[in-house]
Amino acid sequence: DTEVTQTPKHLVMGMTNKKSLKCEQHMGHRAMYWYKQKAKKPPELMFVYSYEKLSINESVPSRFSPECPNSSLLNLHLHALQPEDSALYLCASSQGSGSFGETQYFGPGTRLLVL
Amino acid sequence: GENVEQHPSTLSVQEGDSAVIKCTYSDSASNYFPWYKQELGKGPQLIIDIRSNVGEKKDQRIAVTLNKTAKHFSLHITETQPEDSAVYFCAARKGGGGSQGNLIFGKGTKLSVKP
């Protein structure tokens, strides 16, 4: 089973709202990722968690706050977002985060619209 | 840093024909090259990958070739079917931890298979 699940599938929020995106995997993977994808563009890496510790933050604004409660769960907390943050947010996981040939498996994404 | 170029950006073929998508990478230390298929409204799905110790890999109608000397790799789809229509992303990655292990994506190829 190579399934990564994400909830919700769709989210509409105002610029003053606080919301959270959730991601879950039960493959025993120890690395989890958040990506942002705009229309007709490739995914852009936001954060990497390795063994439940934040290992990479690609200079993401503080209005995005990741959290890894345990090895199977990854959250992305959203606060005071801007309309330009509207995008597809993808979660991915891999066995590790840097070894040779680590395969990343993506979830279906959360389509976020900020009004 | 690594840079991945992908061509063509759009590709239209007749059902039953073959489709070829090409990518070049800049960093000779890259050693892992996955291909993802992304259908409309879904997350990227890994369809095939190749590591630098192999020159070619095949899985039914899909094959990937790697030329390390020229630093390019290609996706070949034979006997295309309408359900192959999607956006395809190539990616490259180096081994090692930290940001070295990040996937670097090409810009994508929109493949349309006409019945």
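Of all the residues in the stretch B:70-96, those that are crowded, with 19+ Cβ neighbours inside 10 Å, in a loop (DSSP other than H, G, I, E, B) and among the charged types (D, E, K, R) number 0. Counting only strands (runs of 3 or more DSSP E) that sit wholly inside the stretch A:2-52, those with at least 2 residues that are in contact with a Ser or Thr (Cβ under 9 Å, 6 or more places away or on another chain), surrounded by 17 or more Cβ atoms within 10 Å (Cβ to Cβ) and of a type in the set (A, V, I, L, M, F, W, C) are A:18-25, A:31-37, A:44-50. Given the criteria more than 15 Å from the chain's Cα centre (by Cα), modelled with pLDDT under 95 and closer than 24 Å to residue B:39 by Cα, does residue A:84 qualify? Taking the combined requirement at face value, the residue does not satisfy it.
So for the stretch B:48-69 (the condition being within 14 Å of chain A (Cβ to nearest Cβ), surrounded by 15 or more Cβ atoms within 10 Å (Cβ to Cβ) and part of a loop (DSSP other than H, G, I, E, B)), does at least one residue qualify? Yes; the residues of the stretch B:48-69 include at least one that is within 14 Å of chain A (Cβ to nearest Cβ), surrounded by 15 or more Cβ atoms within 10 Å (Cβ to Cβ) and part of a loop (DSSP other than H, G, I, E, B). Can you name the residue in the stretch B:8-47 that is more than 11 Å from every other protein chain (Cβ to nearest Cβ), of a type in the set (A, V, I, L, M) and under 13 Å from residue B:89 (Cβ atoms) and is also nearest to the chain's Cα centre (by Cα) among such residues? Ranking the qualifying residues of the stretch B:8-47, first place goes to B:21. Restricting A:104, A:95, A:82 to residues that are touching a residue at least 40 places away in the same chain (Cβ under 8 Å) and at the interface with another protein chain (Cβ under 8 Å from one of its Cβ atoms) narrows the list to A:104. Residue B:40 meets each of the listed conditions (1) aliphatic (A, V, I, L, M); (2) touching a Gly at 6+ places or on another chain (Cβ under 6 Å); (3) surrounded by fewer than 13 Cβ atoms within 10 Å (Cβ to Cβ) apart from (2).
In the stretch B:97-115, of all residues being assigned to a loop (DSSP other than H, G, I, E, B) and within 14 Å of chain A (Cβ to nearest Cβ), the one that is nearest to residue B:15 (Cα to Cα) corresponds to B:108. Taken over the stretch A:57-115, the criterion of being part of a helix (DSSP H, G or I) and surrounded by 15 or more Cβ atoms within 10 Å (Cβ to Cβ) is satisfied by A:85 alone. Looking at residue A:65 and the list (1) at pLDDT 95 or above; (2) at the interface with chain B (Cβ under 8 Å from one of its Cβ atoms), which single condition is not satisfied? With respect to (1) at pLDDT 95 or above; (2) at the interface with chain B (Cβ under 8 Å from one of its Cβ atoms), residue A:65 is out only on (2).
The values are calculated or read from the model by the stated rules, or taken from the named source; none is laboratory data. Keep in mind that this is a model prediction, so the values were computed, not measured. Methodologically, a virtual Cβ is constructed for each residue, glycine included, from the backbone with ideal geometry; neighbour enumeration extends over all protein chains shown.
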